[in-house]
1. Just checking: which of the strands (runs of 3 or more DSSP E) contained wholly in the range 1-85 hold 3 or more residues that are free of Cβ contacts under 8 Å to residues at least 12 places away in the same chain?
2. Exactly one condition in (1) in contact (Cβ under 8 Å) with a residue 12 or more places away in the chain; (2) over 18 Å from L35 (Cα atoms) is not met by A214; state its number.
3. Give the residue, chosen from H78, H42, H32, that is surrounded by 14 or more Cβ atoms within 10 Å (Cβ to Cβ), closer than 26 Å to E128 by Cβ and modelled with pLDDT under 85.
4. So the check is Cβ under 8 Å with 6+ separation or different chains; which pairs have a first residue in the range 149-175 that's closer than 29 Å to V193 by Cα and a second one that's of a type in the set (K, R) and part of a strand (DSSP E or B)?
5. Within the set of pairs 6+ apart or on separate chains, which have a first residue in the range 183-200 that is over 18 Å from R230 (Cβ atoms), a second that is assigned to a loop (DSSP other than H, G, I, E, B) and among the β-branched types (V, I, T), and C-beta atoms under 8 Å apart?
6. Can you name every one of the strands (runs of 3 or more DSSP E) wholly within the range 123-211 that holds 2 or more residues which are surrounded by 10 or more Cβ atoms within 10 Å (Cβ to Cβ), touching a helix residue (DSSP H, G or I) at 6+ places or on another chain (Cβ under 9 Å) and among the charged types (D, E, K, R)?
7. Taking into account only those residues within the range 89-122 that are out of contact with any Lys or Arg (no Cβ under 8 Å at 6 or more places or on another chain), over 22 Å from T156 (Cα atoms) and among the polar types (S, T, N, Q), which is surrounded by the most Cβ atoms within 10 Å (Cβ to Cβ)?
8. Looking only at residues that are surrounded by fewer than 11 Cβ atoms within 10 Å (Cβ to Cβ) and of a type in the set (A, V, I, L, M) in the range 1-19, which one is modelled with the highest pLDDT?
Amino acid sequence: MTVQDPNLYPVTPRNRAKRVSERARYDRAAVHAILDAAMLCHVAYVIDGQPYCTPTLHWRRGDTLYWHGSSASRMLRHLKPGVAACVTVSHLDGLVLARSGFNHSANYRAAMCFGTARILPEGPEKEEALWAVVDRFYPERSAGLRPITGQEAKATMVIAMPIDEASAKVRAKGVGDNPEDLTHPVWAGVIPVSTVIGAAEPCPHVPEGMARPATLAPYAEGARLDDALRQTQAIYEGEAP
């Protein structure tokens, strides 16, 4: 009997990389690093034969992904009994310009996760998740916010999807020109791409003299967003469940 390595997601026909397979990773660490460095994911599923793909904010706790949406959403209401879903996250890290159109590429990190999405019922699990969507990105912030009202909780659906299978794919290298093209007289190289945090713009209703809390230090002006999100995820994972 084959024993599954707990550090790896199982490799199946559904998540196995078929093209440029040497870029693929199936270890939890690689997949989680890509998920945790982003706020935005795309959730794909099929309802009554119609494919949908919804962009939304996501967060992770262990091997479970979460996202939320409006209780009025027709699509989300269909998730209540549980439905197969595919969640993808991607980062563009560089533009790769080669000496031929065919060899132009991009440096990127991408993760694809499969599982069964379900709506969290009213109760402690959903209540914790509604606070988690704040504290995951902004450590300790929920403690200073006004309480969630009953109406707000009813108006919000929280979806959970245990990650059953997943894969990561990464390209992080230079130009891949054919040897015979290297002397072709055109500029080639990599143009790095990143999302950088700008200067904070306080709301005009913030009391005079109130400073930004130290818990927001990861979001310093000039910092990379993916680095900041990895830092806040580490803080979030260190909290008591």
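1. 50-61
2. (1)
3. H78
4. Close Cβ pairs (under 8 Å, with a partner that is of a type in the set (K, R) and part of a strand (DSSP E or B)) amount to S167/R25; A168/R25; A168/R109; K169/R25; K169/R109; V170/R25; V170/R109; A172/R109.
5. Listed pairs, sorted by first residue: A188/V175; G189/V175; V190/V175.
6. 165-171
7. N103
8. Initially, the range 1-19 is screened for residues surrounded by fewer than 11 Cβ atoms within 10 Å (Cβ to Cβ), giving 1-4, 6-7, 13, 18-19.
Going one step further and asking which of them are of a type in the set (A, V, I, L, M), we end up with 1, 3.
Numbers: M1: 43, V3: 56.
The extreme case among them is V3.
The values are calculated or read from the model by the stated rules, or taken from the named source; none is laboratory data. Keep in mind it's a predicted model, so treat the numbers as computed, not measured. Here Cβ is always computed from backbone atoms with ideal geometry, including for glycine, and neighbour counts include all displayed protein chains.
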